[in-house]
Structures are given as structure tokens and as C-alpha cells.
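What follows is a single structure, written as C-alpha cells, with notes after it.
The values are calculated or read from the model by the stated rules, or taken from the named source; none is laboratory data. Nothing here was measured: the structure is a model prediction, and the numbers come from that model. Quick reminder, even Gly has a Cβ in these numbers, built from the backbone with ideal geometry, and neighbours come from all protein chains shown. Side chains included, ligands, DNA and RNA excluded: accessible areas come from the protein's heavy atoms. Shrake-Rupley method; radii C 1.70, N 1.55, O 1.52, S 1.80 Å.
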Amino acid sequence: MQISRVRGTSDILPGTTEKWQAMEQTMHQICREYAYREIRTPIFEHTELFLRGVGETTDIVEKEMYTFLDKGGRSITLRPEGTAAIARAYLENKMFAQPQPIKLYCAGPMFRYDRPQAGRLRQFHQFDVEVIGAEGPGADAEIIVLAMDFLARLGLKNLQLHINSVGCPQCRQVLPEKLRTYFSGEVGDLCGDCRTRIDRNPLRVLDCKNGKCRDIGREAPTPLDCLCTACTEHFEQVRRQLDILGIECVVNPRLVRGLDYYTRTAFEILFTESGAQNAVGGGGRYDGLMETIGGASVPAVGFAIGLERVLLLLDRQDVSLDTSVGLEAFVAVAGDTEQLATRILADLRKEGLAADRDYAGRSLKAQMKYAGKTQVPLVVITGEDEAARGVAVVRMMTTGEQTEVPIEMVAERVRTLSGR
Ligand code: HAM
């Protein structure tokens, strides 16, 4: 029996990889402009990092992690998200000793045992950006602007920014009790998970995907109702800065996000699909995370965008990325000229041109047919007669026009003709 890929994973094939490269190029470019530097952390971490960092009562930790014991008996987890690992790397590599803030980004695969559907996979990719060591609302605003700018540069439209403040530990002393009181009369109608959430982490009930729990929670007190003066001021300033920068947002008091580390700003970038709203990205401030995982208190804010969701939206909105990465020239071998073809191919590549040749010993006719199918603009033909005269033929495929060019001049001619 043929072996297939694991459910919820995907093969990214040529034709699509070019789109990924275009997205990645935009990502590197934008991060350079906003002064963020790339970090690459391992794909697996000690499970403890996510238990403490993401939170034991979150869906991610309770239901979605790929956790296993390695051969040394350690509990290891494939990273379900990037922030906890970046926080760990910040502490472990003593980046707090460098001038602050530290502005980092990374992109790579994440793993969640989610229910696979369009835009929801078990191995998916995030573009993740973090500012560590900055408390002021300017950092929150910059993170949001960067996320929106990235999506706009790729050509995405009709996205909605939802923003909220989930407050600090001081404001949070009030909310759980208010929520418990609110939900106390409705416990029987909540889903099984939410019944335990009421005791362990009632804020999570506001984030439940179950329709009935959502309905019941519609009038529930929200974090925004309980903000302390400092958090209210911080939130107002973030909104003011977004306003100055012309970024429209909807204040959504019910937005709590699915991870426990958030403090103050929380946001999501949503698109509407058959009536339902779905997130292309999200993030917020996490001033308590470093302490939770054993470090000193360091304020931080960041976001992650799901790259599969970006691609899905680009397709649905009929936006094509610049993926012109095809061949510039193909060398067709006629007769006994293989050595000459090899040499010309090497010359072309030395000129920085994308070039290939036939390795299957096909007839000249078959090679020309192949070149036509791949839509390569130029073909260099190495024929025996021409080789004896020290020349090769350069053919423009669109017009059929052919010229003889001295062998040592071929690479330069191809470069000129391809406008490089
Ligand atoms: P998150 O909201 O869990 O946040 O994920 C961010 C984005 O990753 C989502 O908006 C979505 O586009 C994508 N995503 C999540 N799960 C899946 C899935 N199963 N399949 C495809 N795409 C998915 C975080 O992960 C936080 N670490 C963001 C952050 C960074 N907060 C502060 N800094």
C-alpha cells in the first residue's frame, strides 16, 4: 500500500513554493525596514515551557500539543507557537544584557492537533514578530502596524483589525469572580470544558468555540469593564497612535485570545468567510510571560500571522504574487556536443542566469518541445557544425529568431537578451 502524508500536513510543491518565497521576501524586507532581526529557535522544546508559557487550561495545551517522551525519558513538545520559545531564548541567551528593546522575528512550522480544514492544518507556518523590553504603547502600535503593512504589501484587502485590552494581574483580580457570578446560573448549559473552566480559568469561557457557550457569554462582564487606570491609559494611547497612523480598528471587548500569557493589548486581524469571521493573525502584549517561565519581569508585545491562511486569502481575492523565477535559458544538445553544452551551461550560471539542459539524451526536436512547454524565453543550441566553427545558435522562442554567437560570447548575449 502506498504511504500518504499525515492528515493535516501538506506538501508545498513547485508552483506554490515560489509564492512562499515571495511572502518570505516581503517578510524579510519589511522586518529590515522596521529594524527587526531574525531568530531561529528549535522546532521542539521541553513540554514544561508551553505548560507554563501558553497556559495549562488553554485548548492548545489541553488538546492540541504533539507531546512525546524522547529516548531519554524527557517530555518533549513540537512547538505549537513561537512566542514562548523566543522568550526562553531571550532569557537563556541573556539578551536582556543587550541594549533594549530586542526586536525579533521568525518564520517556520508550528504543530497543533487541530481539526483539519481549509486554512487549518496540523503542521502550519507562522510569521512571528516580537518586541521584547518595551513597555510603552508605541511598541504595541508598531507591532500592529507592521502586521497590517505586511498583509497590505502582499495585496490583501477587506481585513478587519479587532483590538481589546485584557488588563494586568491587578485588573484580573476582579474579573474571575465577576465571571463566576455571571455564569453561576447557567453552568448546566455550558459545554463540559467550560464547566471546569469556570473554576480553573473563567476567562477561557469567553473564548469557547461552542455556539451555546458563546450565546451565554454574550452579556458577560469583559476584561475591558475591569481595567485599572494605568491599563485604561495604555489602551487609549495604543488606539490614539493607531488613529494617527490611519489604522482603523474595532474595539472588541470579548476578544481574549486563546493563550494565557496576554496582558493589556490583545488583537486579531480577521477576514469574513461565508458569514463567519476567521483570524489571519493575532497577537498582543505579554508582560508576565518571562516571569512565568523563570526569568525576571520583562515587558513584551508581538504577533503571529498564519502563512497558509494568507495564501488561501490571496487565492480567494485573486491576488497573484510576483513569482517570476523561471529559467532564462535552456541549452539544447544536438549531435555529439555534450561537453560544449556543459561548458556553455556553466558560463550561463556564472553570469548569474537561471539555466538548464537536457540530461536524458533526447532528440533535438524533443528538447525544443520541452523548452516550449517550460516557456523558457531563450534556447542555446549546440550543433556539431556550428561547434566546429566556434559558434552556437541562440534562439528567441517567442519570435523564432535565431543568431549564431561565438561560444565565449553566448553567456553575455543571453544576459543582454534577457534584460538582466
Ligand atoms: P495564535 O492566534 O494562536 O497566536 O496564532 C496566530 C495565527 O496562526 C492565527 O491567526 C492563524 O492564522 C495561524 N494558525 C493558528 N493555528 C493554525 C492552524 N491549525 N492552521 C493554520 N494556521 C493556524 C499565536 O500563536 C501567538 N504566538 C501570537 C503572538 C506572538 N502573540 C504574541 N506574539
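Tabulated data for the structure shown
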quantity: When the convex hull of its Cα atoms is projected in every direction, mean area for the chain (nm²); calculated: 27.7 nm²
quantity: The range 320-413, relative contact order in percent, only Cα pairs under 8 angstrom and at least six apart counted; calculated: 31 percent
quantity: Debye equation applied to the C-alpha atoms of the range 273-408, log10 I(q)/I(0) at 0.19 Å⁻¹; calculated: -1.05
quantity: Computed over the chain: relative contact order in percent, which uses C-alpha pairs under 8 Å that are six or more apart; calculated: 15 percent
quantity: Largest-first ordering by accessible area, 1.4 Å probe, given options V174, V187, V333; calculated: V174, V187, V333
quantity: Protein accessible area in the chain, 1.4 Å probe - carbon and sulfur %; calculated: 49 percent
quantity: Phi-based couplings in Hz for the range 163-173 (Karplus 6.51, -1.76, 1.60; Gly and Pro marked x); calculated: 9, 7, 10, 9, x, 10, x, 5, 5, 6, 5
quantity: The range 247-299-the range 1-22 distance, computed between alpha-carbon centres (Å); calculated: 29 Å
quantity: Amide proton proximity set for A392, modelled H, under 5 Å, gap of 5+; calculated: V405, I407
quantity: Residue-normalised accessible area of the chain, given per residue in Å² at a 1.4 Å probe; calculated: 50 Å²
quantity: Aspartates and glutamates with Cα under 19 Å of K71, excluding same-chain neighbours fewer than 8 positions away; calculated: E45, E48
quantity: Principal semi-axes in Å for the range 127-282 [√(5λ), Cα gyration tensor, largest first]; calculated: 28, 20, 12
quantity: Fully extended contour minus Cα-Cα distance, from D225 to F96, at 0.36 nm per residue; calculated: 43.0 nm
quantity: Sites excluded, GluC sites (Glu not before Pro) in DSSP loops with at most 15 other C-beta within 10 Å, longest stretch of the chain; calculated: 57-218
quantity: Label-point separation, R115 to T9 (7 Å along Cα→Cβ), nm; calculated: 2.3 nm
quantity: Of K157/K178; K94/K350; K350/K373, those spanning more than 31 Å from alpha-carbon to alpha-carbon; calculated: K157/K178; K94/K350
quantity: The chain: angle of helix 175-184 to the longest principal axis, Cα-based, in degrees nearest 10; calculated: 80 degrees
quantity: At most 13 other Cβ within 10 Å, DSSP loop - trypsin sites (Lys or Arg not before Pro), the range 1-94; calculated: R5, R7, R40, K71, R74, K94
quantity: Whole-Hz ³J(HN,Hα) from phi, Karplus 6.51 cos²θ - 1.76 cosθ + 1.60, for the range 410-419, glycine and proline x; calculated: 4, 4, 5, 4, 4, 4, 4, 5, 8, x
quantity: The range 187-318: relative contact order in percent, alpha carbon pairs under 8 Å with at least 6 residues between; calculated: 15 percent
quantity: Interchain or long-range residues, amide H under 5 Å from T265's placed H; calculated: V166, R285
quantity: Where labels lie 7 Å past Cα in the beta-carbon direction, separation of R389 and Q402 in nm; calculated: 1.1 nm
quantity: Accessible surface ranking that places the most exposed of T342, T181 first, with a 1.4 angstrom probe; calculated: T181, T342
quantity: Helix 229-244 axis, angle to the chain major axis (alpha carbon atoms, nearest 10°); calculated: 30 degrees
quantity: Derived scalar couplings ³J(HN,Hα) [the range 27-35; Karplus, 6.51 cos²θ - 1.76 cosθ + 1.60; whole Hz; x for Gly, Pro]; calculated: 4, 5, 5, 5, 5, 5, 5, 8, 6
quantity: Within the range 225-254, backbone nitrogen closer than 12 Å to the virtual label 7 Å beyond the Cα of V174 toward Cβ; calculated: 225-232
quantity: Share, in percent, of DSSP beta bridges within the chain that are antiparallel, nearest 5; calculated: 80 percent
